[in-house]
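A quick write-up on the structure given underneath.
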Amino acid sequence: MFTVSADPKTIVSATADPYLKNIGDKILAGERITADEGLALFENGSLPFVGALANWVRQQKHGNKTYFNRNFHIEPTNVCVFSCKFCSYSRLYAHRDEGWELSIAQMLDIVKKYDGKPVTEVHIVGGVHPKMNLEFFCELIRKIREHRPDLHIKGFTAVELDYMFRKAKLTVEQGMKQLHDAGLQSMPGGGAEIFHPDIRSQICDDKVDADGWLNIHRAAHNLGMHTNATMLYGHLEQYWHRIDHMERLRQLQDETGGFNTFIPLKFRNKDNEMSHVAESSVIEDMKLYAIARLYMDNFPHLKAYWPMLGRKNAQLTLSFGVNDLDGTIDDTTKIYSMAGSEEQTPSLSTAQLVALIKQVKREPVERDTLYNVVKNYADIDLAELEQNPIYN
Ligand code: V47
Ligand code: SF4
(Lines give C-alpha, C1' and ligand atoms only; values in the text may rest on other atoms or scores of the structure.)
(Ligands and ions follow the chains in the order given, each with its own letter.)
Protein backbone atom coordinates (compact mmCIF):
# COMPACT_ATOMS: atom_id res chain seq x y z
CA MET A 1 0.00 0.00 0.00
CA PHE A 2 1.60 3.24 -1.10
CA THR A 3 0.75 5.25 2.01
CA VAL A 4 2.51 2.86 4.34
CA SER A 5 5.89 3.48 2.80
CA ALA A 6 5.33 6.88 1.17
CA ASP A 7 7.44 9.60 2.75
CA PRO A 8 5.10 12.57 3.32
CA LYS A 9 8.02 15.01 3.14
CA THR A 10 8.79 13.90 -0.42
CA ILE A 11 5.13 14.07 -1.42
CA VAL A 12 4.68 17.53 0.11
CA SER A 13 7.84 18.99 -1.41
CA ALA A 14 6.85 17.65 -4.85
CA THR A 15 3.37 19.24 -4.63
CA ALA A 16 2.89 21.86 -7.32
CA ASP A 17 -0.09 23.64 -5.69
CA PRO A 18 1.46 26.19 -3.26
CA TYR A 19 -1.66 26.29 -1.02
CA LEU A 20 -1.65 22.51 -0.56
CA LYS A 21 2.12 22.49 -0.11
CA ASN A 22 1.80 25.05 2.68
CA ILE A 23 -0.86 22.88 4.40
CA GLY A 24 1.46 19.88 4.16
CA ASP A 25 4.35 21.90 5.63
CA LYS A 26 2.14 23.07 8.50
CA ILE A 27 1.10 19.50 9.34
CA LEU A 28 4.68 18.28 9.22
CA ALA A 29 5.64 21.13 11.57
CA GLY A 30 2.91 20.04 14.02
CA GLU A 31 0.75 23.12 13.37
CA ARG A 32 -3.05 23.10 13.40
CA ILE A 33 -4.81 23.53 10.05
CA THR A 34 -7.70 25.97 9.62
CA ALA A 35 -11.22 25.23 8.43
CA ASP A 36 -10.41 26.66 4.97
CA GLU A 37 -7.34 24.45 4.77
CA GLY A 38 -9.38 21.39 5.81
CA LEU A 39 -11.85 22.20 3.05
CA ALA A 40 -9.03 22.53 0.52
CA LEU A 41 -7.85 19.03 1.45
CA PHE A 42 -11.29 17.63 0.63
CA GLU A 43 -11.55 19.62 -2.59
CA ASN A 44 -8.03 19.40 -3.99
CA GLY A 45 -5.93 17.04 -1.88
CA SER A 46 -5.18 13.75 -3.62
CA LEU A 47 -5.58 10.47 -1.74
CA PRO A 48 -1.79 9.84 -1.70
CA PHE A 49 -1.19 13.36 -0.36
CA VAL A 50 -3.69 13.25 2.54
CA GLY A 51 -3.03 9.56 3.13
CA ALA A 52 0.73 9.89 3.52
CA LEU A 53 0.31 12.84 5.89
CA ALA A 54 -2.38 11.11 7.97
CA ASN A 55 -0.31 7.95 8.20
CA TRP A 56 2.63 10.05 9.38
CA VAL A 57 0.50 11.82 12.03
CA ARG A 58 -0.79 8.45 13.26
CA GLN A 59 2.75 7.14 13.47
CA GLN A 60 3.84 10.20 15.48
CA LYS A 61 0.98 9.73 17.94
CA HIS A 62 0.89 5.95 18.29
CA GLY A 63 3.91 4.39 16.65
CA ASN A 64 3.03 0.94 15.40
CA LYS A 65 0.21 0.27 17.86
CA THR A 66 -3.32 -0.53 16.69
CA TYR A 67 -5.84 -0.80 19.49
CA PHE A 68 -8.92 -2.92 19.96
CA ASN A 69 -10.98 -3.97 22.94
CA ARG A 70 -12.99 -6.97 24.03
CA ASN A 71 -16.51 -5.78 24.54
CA PHE A 72 -20.10 -6.76 24.00
CA HIS A 73 -23.18 -4.74 23.14
CA ILE A 74 -26.59 -4.57 24.70
CA GLU A 75 -29.35 -2.99 22.62
CA PRO A 76 -32.21 -2.50 25.10
CA THR A 77 -34.79 -1.76 22.39
CA ASN A 78 -35.22 -0.77 18.77
CA VAL A 79 -38.44 1.06 19.51
CA CYS A 80 -37.78 4.75 19.01
CA VAL A 81 -39.81 7.93 19.29
CA PHE A 82 -37.63 9.57 16.66
CA SER A 83 -37.69 9.06 12.93
CA CYS A 84 -34.21 9.62 11.54
CA LYS A 85 -34.39 9.10 7.79
CA PHE A 86 -31.15 7.10 7.61
CA CYS A 87 -32.18 4.63 10.30
CA SER A 88 -33.01 1.08 9.18
CA TYR A 89 -33.14 -0.19 12.68
CA SER A 90 -35.84 1.49 14.69
CA ARG A 91 -39.56 0.90 14.90
CA LEU A 92 -41.87 3.73 15.85
CA TYR A 93 -43.72 3.35 19.13
CA ALA A 94 -46.94 2.82 17.16
CA HIS A 95 -45.34 -0.30 15.60
CA ARG A 96 -43.62 -1.50 18.74
CA ASP A 97 -44.99 -5.04 18.27
CA GLU A 98 -42.49 -5.35 15.36
CA GLY A 99 -39.57 -4.40 17.59
CA TRP A 100 -37.97 -5.67 20.78
CA GLU A 101 -37.84 -4.32 24.33
CA LEU A 102 -35.60 -6.02 26.87
CA SER A 103 -36.32 -6.08 30.58
CA ILE A 104 -33.61 -5.45 33.15
CA ALA A 105 -33.55 -9.21 33.88
CA GLN A 106 -33.06 -10.01 30.18
CA MET A 107 -30.22 -7.52 29.92
CA LEU A 108 -28.58 -8.94 33.04
CA ASP A 109 -28.81 -12.37 31.43
CA ILE A 110 -26.78 -11.00 28.50
CA VAL A 111 -24.19 -9.71 30.96
CA LYS A 112 -24.11 -13.11 32.72
CA LYS A 113 -23.41 -14.86 29.41
CA TYR A 114 -19.98 -13.20 29.60
CA ASP A 115 -19.21 -14.36 33.13
CA GLY A 116 -15.69 -15.76 33.23
CA LYS A 117 -14.90 -14.28 29.80
CA PRO A 118 -12.18 -11.62 29.65
CA VAL A 119 -14.34 -8.77 28.26
CA THR A 120 -13.62 -5.35 29.72
CA GLU A 121 -16.56 -3.27 28.47
CA VAL A 122 -20.29 -3.36 27.92
CA HIS A 123 -21.61 -0.92 25.32
CA ILE A 124 -25.30 -0.07 25.83
CA VAL A 125 -27.12 1.80 23.07
CA GLY A 126 -30.56 1.52 21.52
CA GLY A 127 -33.63 3.35 20.34
CA VAL A 128 -35.40 5.97 22.43
CA HIS A 129 -38.26 4.14 24.12
CA PRO A 130 -40.73 6.40 25.96
CA LYS A 131 -41.10 3.92 28.84
CA MET A 132 -37.40 3.22 29.40
CA ASN A 133 -36.61 6.20 31.58
CA LEU A 134 -33.73 7.48 33.67
CA GLU A 135 -34.79 5.48 36.70
CA PHE A 136 -34.93 2.27 34.63
CA PHE A 137 -31.43 2.78 33.27
CA CYS A 138 -29.96 3.82 36.64
CA GLU A 139 -31.28 0.55 38.03
CA LEU A 140 -29.84 -1.41 35.10
CA ILE A 141 -26.43 0.18 35.62
CA ARG A 142 -26.48 -0.46 39.37
CA LYS A 143 -27.38 -4.13 38.80
CA ILE A 144 -24.63 -4.60 36.21
CA ARG A 145 -22.10 -3.03 38.57
CA GLU A 146 -23.29 -5.20 41.42
CA HIS A 147 -22.95 -8.33 39.30
CA ARG A 148 -19.64 -7.48 37.68
CA PRO A 149 -17.85 -4.47 39.17
CA ASP A 150 -14.80 -4.81 36.88
CA LEU A 151 -16.84 -4.28 33.69
CA HIS A 152 -16.61 -0.74 32.29
CA ILE A 153 -20.07 0.56 31.45
CA LYS A 154 -20.12 2.75 28.35
CA GLY A 155 -23.64 3.72 27.49
CA PHE A 156 -26.28 5.94 25.93
CA THR A 157 -25.97 8.43 23.14
CA ALA A 158 -26.66 12.09 23.78
CA VAL A 159 -29.96 11.52 21.91
CA GLU A 160 -31.14 8.95 24.44
CA LEU A 161 -29.90 11.08 27.34
CA ASP A 162 -31.49 14.31 26.11
CA TYR A 163 -34.87 12.55 25.98
CA MET A 164 -34.39 10.86 29.39
CA PHE A 165 -33.37 14.08 31.13
CA ARG A 166 -36.19 16.12 29.62
CA LYS A 167 -38.75 13.48 30.63
CA ALA A 168 -37.35 13.40 34.15
CA LYS A 169 -37.47 17.23 34.19
CA LEU A 170 -33.82 17.41 35.15
CA THR A 171 -31.05 19.63 33.87
CA VAL A 172 -28.36 17.93 31.82
CA GLU A 173 -25.95 18.31 34.74
CA GLN A 174 -28.40 16.74 37.23
CA GLY A 175 -29.25 13.86 34.89
CA MET A 176 -25.62 13.11 34.07
CA LYS A 177 -24.74 13.13 37.76
CA GLN A 178 -27.46 10.57 38.55
CA LEU A 179 -26.18 8.20 35.86
CA HIS A 180 -22.58 8.73 36.88
CA ASP A 181 -23.47 8.07 40.53
CA ALA A 182 -25.26 4.86 39.44
CA GLY A 183 -22.04 3.69 37.79
CA LEU A 184 -22.06 4.92 34.18
CA GLN A 185 -18.39 5.46 33.32
CA SER A 186 -18.31 6.76 29.77
CA MET A 187 -20.45 7.54 26.76
CA PRO A 188 -20.32 6.42 23.13
CA GLY A 189 -20.31 8.95 20.33
CA GLY A 190 -23.57 8.25 18.52
CA GLY A 191 -26.30 10.69 17.58
CA ALA A 192 -23.96 13.39 16.33
CA GLU A 193 -24.75 12.68 12.63
CA ILE A 194 -24.06 16.04 10.92
CA PHE A 195 -24.39 19.02 13.24
CA HIS A 196 -25.17 21.75 10.71
CA PRO A 197 -28.91 22.53 10.77
CA ASP A 198 -29.19 22.62 6.94
CA ILE A 199 -28.44 18.89 6.88
CA ARG A 200 -29.68 17.89 10.33
CA SER A 201 -33.14 19.25 9.52
CA GLN A 202 -33.29 16.96 6.46
CA ILE A 203 -32.04 13.74 8.02
CA CYS A 204 -33.01 13.83 11.71
CA ASP A 205 -35.21 16.80 12.31
CA ASP A 206 -36.77 15.80 15.60
CA LYS A 207 -33.87 14.79 17.84
CA VAL A 208 -31.38 16.76 19.91
CA ASP A 209 -29.60 19.51 17.98
CA ALA A 210 -25.87 20.24 17.77
CA ASP A 211 -25.70 22.43 20.87
CA GLY A 212 -27.75 19.95 22.88
CA TRP A 213 -25.45 17.08 21.82
CA LEU A 214 -22.31 19.05 22.62
CA ASN A 215 -23.71 20.23 25.94
CA ILE A 216 -24.38 16.68 27.12
CA HIS A 217 -20.82 15.64 26.25
CA ARG A 218 -19.51 18.78 27.99
CA ALA A 219 -21.45 17.84 31.15
CA ALA A 220 -20.04 14.30 31.03
CA HIS A 221 -16.50 15.65 30.59
CA ASN A 222 -17.01 18.03 33.51
CA LEU A 223 -17.81 15.01 35.69
CA GLY A 224 -14.52 13.44 34.62
CA MET A 225 -16.13 10.99 32.18
CA HIS A 226 -14.63 10.30 28.77
CA THR A 227 -16.78 10.15 25.66
CA ASN A 228 -16.48 9.51 21.94
CA ALA A 229 -17.76 11.48 18.96
CA THR A 230 -19.08 10.27 15.63
CA MET A 231 -19.92 11.80 12.25
CA LEU A 232 -22.36 10.13 9.86
CA TYR A 233 -20.90 10.96 6.43
CA GLY A 234 -21.49 10.22 2.77
CA HIS A 235 -25.14 11.23 2.24
CA LEU A 236 -26.50 14.75 1.70
CA GLU A 237 -23.71 16.71 3.30
CA GLN A 238 -21.12 18.73 1.44
CA TYR A 239 -17.45 18.90 2.37
CA TRP A 240 -17.89 22.11 4.32
CA HIS A 241 -20.58 20.50 6.50
CA ARG A 242 -18.01 17.86 7.48
CA ILE A 243 -15.51 20.56 8.37
CA ASP A 244 -18.15 22.46 10.33
CA HIS A 245 -18.94 19.25 12.24
CA MET A 246 -15.30 18.48 13.01
CA GLU A 247 -14.63 22.11 13.97
CA ARG A 248 -17.39 22.09 16.61
CA LEU A 249 -15.93 18.90 18.08
CA ARG A 250 -12.38 20.23 17.96
CA GLN A 251 -13.48 23.35 19.84
CA LEU A 252 -15.20 21.37 22.60
CA GLN A 253 -12.13 19.16 22.87
CA ASP A 254 -9.95 22.28 23.30
CA GLU A 255 -12.25 23.30 26.14
CA THR A 256 -12.59 19.98 28.03
CA GLY A 257 -10.12 17.40 26.67
CA GLY A 258 -12.77 14.77 27.43
CA PHE A 259 -13.05 13.05 24.04
CA ASN A 260 -11.12 9.85 23.50
CA THR A 261 -11.97 8.87 19.96
CA PHE A 262 -13.42 10.21 16.75
CA ILE A 263 -15.41 7.66 14.77
CA PRO A 264 -16.53 8.51 11.23
CA LEU A 265 -19.56 6.36 10.32
CA LYS A 266 -20.18 5.61 6.66
CA PHE A 267 -23.82 6.04 5.64
CA ARG A 268 -25.34 2.72 4.51
CA ASN A 269 -28.47 2.89 2.40
CA LYS A 270 -30.38 -0.37 2.75
CA ASP A 271 -34.00 -0.34 3.93
CA ASN A 272 -34.27 3.23 5.09
CA GLU A 273 -35.88 6.43 3.89
CA MET A 274 -32.63 7.48 2.25
CA SER A 275 -32.15 4.36 0.15
CA HIS A 276 -32.13 6.52 -3.00
CA VAL A 277 -28.91 8.21 -1.81
CA ALA A 278 -25.83 6.48 -3.21
CA GLU A 279 -23.15 5.30 -0.78
CA SER A 280 -19.67 6.83 -0.87
CA SER A 281 -16.82 5.10 -2.70
CA VAL A 282 -13.93 3.45 -0.87
CA ILE A 283 -11.64 6.24 -2.16
CA GLU A 284 -13.92 8.85 -0.57
CA ASP A 285 -14.00 6.81 2.62
CA MET A 286 -10.20 6.64 2.88
CA LYS A 287 -9.89 10.36 2.12
CA LEU A 288 -12.39 11.14 4.85
CA TYR A 289 -10.48 9.09 7.43
CA ALA A 290 -7.20 10.73 6.44
CA ILE A 291 -8.59 14.28 6.62
CA ALA A 292 -10.28 13.50 9.93
CA ARG A 293 -6.87 12.46 11.31
CA LEU A 294 -5.34 15.71 10.04
CA TYR A 295 -8.12 18.00 11.22
CA MET A 296 -8.87 16.48 14.63
CA ASP A 297 -5.40 17.16 15.96
CA ASN A 298 -6.54 17.20 19.60
CA PHE A 299 -8.34 13.84 19.46
CA PRO A 300 -5.97 11.13 20.59
CA HIS A 301 -7.63 8.30 18.65
CA LEU A 302 -9.32 7.71 15.29
CA LYS A 303 -11.48 4.61 15.09
CA ALA A 304 -12.83 2.60 12.16
CA TYR A 305 -15.89 0.67 13.20
CA TRP A 306 -15.38 -2.56 11.27
CA PRO A 307 -18.96 -3.95 11.45
CA MET A 308 -20.05 -1.05 9.29
CA LEU A 309 -17.09 -0.67 6.92
CA GLY A 310 -16.41 -4.37 6.52
CA ARG A 311 -13.24 -5.94 7.87
CA LYS A 312 -11.14 -5.50 4.70
CA ASN A 313 -11.89 -1.80 4.33
CA ALA A 314 -11.39 -1.34 8.06
CA GLN A 315 -7.96 -2.91 7.62
CA LEU A 316 -7.27 -0.46 4.79
CA THR A 317 -8.08 2.55 7.01
CA LEU A 318 -5.03 1.62 9.11
CA SER A 319 -2.97 3.16 6.29
CA PHE A 320 -5.05 6.35 6.38
CA GLY A 321 -4.72 7.55 9.96
CA VAL A 322 -6.76 5.01 11.91
CA ASN A 323 -5.24 3.49 15.07
CA ASP A 324 -8.27 1.72 16.57
CA LEU A 325 -10.55 -1.01 15.25
CA ASP A 326 -13.12 -1.02 18.06
CA GLY A 327 -13.59 -4.51 19.37
CA THR A 328 -14.59 -8.10 19.25
CA ILE A 329 -18.31 -7.57 18.85
CA ASP A 330 -20.78 -10.40 18.64
CA ASP A 331 -23.87 -10.50 16.46
CA THR A 332 -26.15 -8.72 18.93
CA THR A 333 -25.24 -5.51 17.07
CA LYS A 334 -28.05 -4.88 14.62
CA ILE A 335 -27.88 -1.20 13.74
CA TYR A 336 -25.49 -1.78 10.83
CA SER A 337 -26.51 -5.18 9.56
CA MET A 338 -30.04 -3.80 9.17
CA ALA A 339 -28.68 -0.84 7.17
CA GLY A 340 -26.90 -3.10 4.68
CA SER A 341 -23.31 -3.23 5.92
CA GLU A 342 -20.99 -5.97 4.63
CA GLU A 343 -20.97 -7.56 8.05
CA GLN A 344 -24.39 -9.18 8.40
CA THR A 345 -23.42 -11.10 11.53
CA PRO A 346 -20.68 -8.93 12.98
CA SER A 347 -18.48 -11.15 15.03
CA LEU A 348 -14.72 -11.29 15.07
CA SER A 349 -12.71 -13.29 17.58
CA THR A 350 -9.63 -11.87 19.24
CA ALA A 351 -7.48 -14.23 17.16
CA GLN A 352 -9.10 -12.95 13.93
CA LEU A 353 -8.76 -9.30 14.93
CA VAL A 354 -5.11 -9.80 15.90
CA ALA A 355 -4.47 -11.54 12.55
CA LEU A 356 -6.13 -8.66 10.66
CA ILE A 357 -3.82 -6.15 12.37
CA LYS A 358 -0.67 -8.26 12.08
CA GLN A 359 -1.30 -8.78 8.36
CA VAL A 360 -0.58 -5.07 7.80
CA LYS A 361 2.50 -5.18 10.05
CA ARG A 362 0.99 -3.32 12.98
CA GLU A 363 1.22 -4.19 16.64
CA PRO A 364 -2.16 -5.38 17.99
CA VAL A 365 -2.79 -3.95 21.43
CA GLU A 366 -5.83 -4.88 23.46
CA ARG A 367 -6.99 -1.86 25.46
CA ASP A 368 -9.68 -1.08 27.96
CA THR A 369 -12.23 1.68 27.31
CA LEU A 370 -9.80 4.35 28.52
CA TYR A 371 -6.92 3.04 26.38
CA ASN A 372 -4.98 1.45 29.22
CA VAL A 373 -3.08 -1.48 27.74
CA VAL A 374 -4.60 -4.85 28.65
CA LYS A 375 -2.29 -6.97 26.49
CA ASN A 376 0.16 -6.45 23.66
CA TYR A 377 -0.07 -9.24 21.06
CA ALA A 378 2.99 -8.22 19.05
CA ASP A 379 5.08 -11.22 20.07
CA ILE A 380 2.29 -13.73 20.44
CA ASP A 381 2.18 -16.46 17.87
CA LEU A 382 -1.05 -16.54 15.81
CA ALA A 383 -1.21 -20.33 15.76
CA GLU A 384 -1.04 -20.32 19.56
CA LEU A 385 -3.94 -17.82 19.72
CA GLU A 386 -6.04 -19.81 17.28
CA GLN A 387 -5.73 -22.92 19.43
CA ASN A 388 -6.66 -21.21 22.69
CA PRO A 389 -10.47 -21.11 23.19
CA ILE A 390 -10.20 -17.94 25.24
CA TYR A 391 -9.24 -16.02 22.07
CA ASN A 392 -11.81 -17.60 19.81
O1 V47 B 1 -25.85 7.73 15.71
C2 V47 B 1 -27.62 4.72 12.06
C3 V47 B 1 -25.38 5.49 12.99
C4 V47 B 1 -24.95 5.52 15.21
C5 V47 B 1 -27.05 4.26 10.02
O6 V47 B 1 -18.70 5.45 20.56
C7 V47 B 1 -25.90 4.62 10.73
O8 V47 B 1 -17.55 3.62 20.55
C9 V47 B 1 -24.63 4.31 8.86
O10 V47 B 1 -22.66 5.74 17.49
N11 V47 B 1 -25.69 3.98 8.10
C12 V47 B 1 -24.97 4.69 16.48
N13 V47 B 1 -24.70 4.65 10.16
C14 V47 B 1 -23.71 3.83 16.62
C15 V47 B 1 -22.58 4.57 17.27
C16 V47 B 1 -21.33 3.86 17.68
C17 V47 B 1 -20.99 2.67 17.10
C18 V47 B 1 -19.81 2.03 17.50
C19 V47 B 1 -19.00 2.56 18.48
C20 V47 B 1 -19.36 3.76 19.06
C21 V47 B 1 -18.49 4.32 20.12
C22 V47 B 1 -20.52 4.43 18.64
O23 V47 B 1 -25.15 4.68 14.10
C24 V47 B 1 -26.03 6.54 15.01
C25 V47 B 1 -25.92 6.80 13.52
O26 V47 B 1 -24.96 7.78 13.27
N27 V47 B 1 -26.31 4.92 11.98
N28 V47 B 1 -28.09 4.30 10.86
C29 V47 B 1 -26.91 3.93 8.64
N30 V47 B 1 -27.96 3.64 7.86
FE1 SF4 C 1 -33.97 6.39 16.86
FE2 SF4 C 1 -31.28 6.36 16.83
FE3 SF4 C 1 -32.68 5.29 14.76
FE4 SF4 C 1 -32.64 7.94 15.13
S5 SF4 C 1 -30.84 6.64 14.64
S6 SF4 C 1 -34.47 6.69 14.71
S7 SF4 C 1 -32.59 8.12 17.34
S8 SF4 C 1 -32.66 4.54 16.85
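When the listed pairs 287/358; 85/117; 21/270 are checked against a 28 Å cut-off, the alpha-carbon distance exceeds it for 85/117; 21/270.
Using a simple charge model, +1 on the beta-carbon of Lys and Arg, -1 on the beta-carbon of Asp and Glu, nothing else, what dipole does segment 23-73 show about its Cα centre, in debye to the nearest 20?
Using only the charged Cβ atoms, the result is roughly 480 debye.
Average accessible surface for the chain: 39 Å² per residue, computed with a 1.4 Å probe over protein heavy atoms with every protein chain in place. Each 5 Å bin from zero up to the one holding the largest Cα-Cα distance in segment 14-82 carries the following percent of pairs: 3, 12, 20, 17, 9, 8, 7, 11, 8, 4, 1. Taking all Cα pairs closer than 8 Å and separated by 6 or more residues, the relative contact order of segment 152-240 comes to 38 percent. Here residue 112 is the anchor, and the aspartates and glutamates within straight C-alpha reach of less than 14 Å, apart from those fewer than 8 places off in the same chain, are 121, 146, 150. Kirkwood hydrodynamic radius computed over the chain comes to 21.4 Å, based on all pairs of distinct alpha carbons. Here the chain exposes an accessible surface that is 50 percent carbon and sulfur, computed with a 1.4 Å probe and the other protein chains kept in place. Once C-alpha pairs closer than 8 Å and six or more residues apart are averaged by separation and normalised to the residue number of segment 1-126, the relative contact order reads 25 percent. Proximity of backbone amide H atoms, modeled 1.01 Å from N, is registered between residue 232 and 193, 194, 265 at under 5 Å, excluding neighbours fewer than 5 places apart on the same chain. Computed about the Cα centre, the dipole magnitude for segment 1-93 is approximately 440 debye when only Lys and Arg (+1) and Asp and Glu (-1) carry charge, each at its Cβ. Solvent exposure of residue 205, expressed as accessible area, is near 120 Å², computed with a probe of 1.4 Å over the protein chains only.
Each Lys and Arg contributes +1 and each Asp and Glu -1, all at the Cβ; summed about the Cα centre of segment 263-304, the dipole is approximately 160 debye. Straight Cα distances below 27 angstrom link residue 169 to the lysines 131, 143, 154, 177, 207, with same-chain residues fewer than 8 positions distant left out. In this label model, residue 9 and residue 254 are separated by 3.0 nm, measuring between points 7 Å along each Cα→Cβ vector.
Computed over segment 129-182, the convex hull of the alpha-carbon atoms projects to a mean area of 3.5 nm².
The values are calculated or read from the model by the stated rules, or taken from the named source; none is laboratory data. Please read these numbers as outputs of a predicted model, since none were measured by experiment. Every residue, glycine among them, receives a Cβ derived from its backbone with ideal geometry; neighbour counts consider all protein chains shown. Heads up: the accessible areas ignore ligands, DNA and RNA and are worked out on the full protein's heavy atoms, side chains in. Shrake-Rupley method; radii C 1.70, N 1.55, O 1.52, S 1.80 Å.
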